[in-house]
Amino acid sequence: MAKFIGRREFLKSIGATVAGISLTQVYNPLVAKALAEVVQTAPPVIWFAGGTCGGCSISALNAMAPQIDEILLKMITLHYHINISASSGETLMEHVYKVMEEHKGKYIYIQEGVVSTAAEGRFCVVGEYKGKKIAMAQLAKELAQNAQAVVAVGSCSAFGGIPSAPPNPTGVKPLSEVVDKPVINIPGCPAHPDDVFGTLIYYLKNGLPELDQHNRPKLFFGEEIHQKCFLKPQFDAENMAENFGEQGKCYALLGCLGPKTHCNSWKRGWNSNINWCVKSGSHCIACTEPTFSKTKAGMYAY
Ligand code: SF4
Ligand code: SF4
């Protein structure tokens, strides 16, 4: 005998099935709508990418605590993400504009990558809407204007990162220099998933976290690497490494920028806390600082 299920059960089953098949199916606008109805409190999120290597997305999608499927299916309703949206082209752009309209003042806008501003933004066109090409620079302003919160993920979006290094012919800028709203910066090359989703969850539960002078949440960027580094006693004892990979010695003479850098890698680690930059036998290149790629420091020190 046929078994009838209610609308709510049906929507739940869609969510479960989608999660079971693959997360790549989640971002069809129709399925996203269905999921939003199941998880009614999950805030709408739009994640756009400008000039980026995609590393921050890959990093975020490797979130382990909580796991990315829990975040996507239970905590937020992600309406747009270029790498994992099942839909594409104008259908998806139409959906973005619809979300902006329907959730005015309620959605969270996350930007990954720089915003190209030269030649009226034509170096970075992110889609078409109503027959017109949409530049990231234009869309960023619109997305920010109607958002309840604007978040820059990764050092490119937060501070300009590698693409903003001279001569910068496409005029790339960090998000904060393009939009007219305050931006929460979650830098890192890539940004750490715990910092990204930790900030998001904190914001949703408690409101704006306390920010430092560079608009980074102090919760994650309040401590200096050097003061917490397991090699600090070696620094104090002037036990210095002369080559990368030398274990048990400080990398200060090899250009470690830990003494000027705010980041929590030392306690959070990467890849389920298997390792982090200094522990792997290298130095800190200050990828979370605004100076990354702009001065003779960080990755350009050698
Ligand atoms: S390796 Fe870097 S962060 Fe660690 S103690 Fe030496 S200078 Fe400081
Ligand atoms: S330790 Fe330094 S290089 Fe490594 S993630 Fe933190 S800021 Fe970036």
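At-a-glance table
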quantity: Residue match in segment 163-179 (condition: free of Cβ contacts under 8 Å to residues at least 24 places away in the same chain and at positive phi); calculated: yes
quantity: Answer residue from segment 95-122, given it is among the β-branched types (Val, Ile, Thr) and touching a residue at least 60 places away in the same chain (Cβ under 8 Å) and is nearest to CYS53 (Cα to Cα) among those; calculated: VAL114
quantity: CYS277 being in a loop (DSSP other than H, G, I, E, B), in contact (Cβ under 8 Å) with a residue 60 or more places away in the chain and within 14 Å of ligand 2 (Cβ to nearest atom); calculated: no
quantity: Answer residue from segment 283-302, given it is part of a loop (DSSP other than H, G, I, E, B) and surrounded by fewer than 16 Cβ atoms within 10 Å (Cβ to Cβ) and is modelled with the highest pLDDT among those; calculated: THR291
quantity: Filter result for the condition that a residue is within 29 Å of the chain's Cα centre (by Cα) and away from ligand 2 (no atom under 11 Å from the Cβ), over SER272, SER265; calculated: SER272
quantity: Check on GLU246, of a type in the set (Asp, Glu) and farther than 17 Å from ASN185 by Cβ; calculated: yes
quantity: Residue, nearest to ligand 1 (Cβ to nearest atom), within segment 242-256, restricted to residues that are within 20 Å of CYS287 (Cβ to Cβ) and of a type in the set (Gly, Ala, Ser); calculated: ALA252
quantity: In segment 251-271, residue nearest to ASN62 (Cα to Cα) [restricted to those that are part of a loop (DSSP other than H, G, I, E, B) and touching a His at 6+ places or on another chain (Cβ under 8 Å)]; calculated: ASN264
quantity: Residues (at pLDDT below 90 and either closer than 25 Å to SER293 by Cα or in a loop (DSSP other than H, G, I, E, B) (or both)) located in segment 75-129; calculated: ILE76, ILE82, ASN83, ILE84, SER85, ALA86, SER87, SER88
quantity: All positions within segment 163-195 that are within 13 Å of ligand 2 (Cβ to nearest atom) and not in a loop (DSSP other than H, G, I, E, B); calculated: ILE186, PRO193, ASP194, ASP195
quantity: Some residue of segment 229-250 being at negative phi and either in contact with a His (Cβ under 6 Å, 6 or more places away or on another chain) or at pLDDT below 90 (or both); calculated: no
quantity: Meets criteria (more than 21 Å from ASN273 (Cβ to Cβ) and modelled with pLDDT of 95 or more) for VAL183; calculated: yes
quantity: Lone qualifier among GLN227, GLN247, GLN234 - being surrounded by fewer than 16 Cβ atoms within 10 Å (Cβ to Cβ), outside any loop (DSSP other than H, G, I, E, B) and assigned by TED's automatic domain parsing to the domain that holds ASN273; calculated: GLN227
quantity: Selection within segment 257-282 - more than 13 Å from ligand 1 (Cβ to nearest atom), loosely packed, with under 15 Cβ neighbours inside 10 Å and under 18 Å from GLY55 (Cβ atoms); calculated: ASN271, SER272, ILE274, ASN275
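The values are calculated or read from the model by the stated rules, or taken from the named source; none is laboratory data. Model, not experiment: these values are computed from the prediction. No Cβ is skipped: glycine too gets one built from the backbone with ideal geometry, and neighbour counts run over all protein chains shown.
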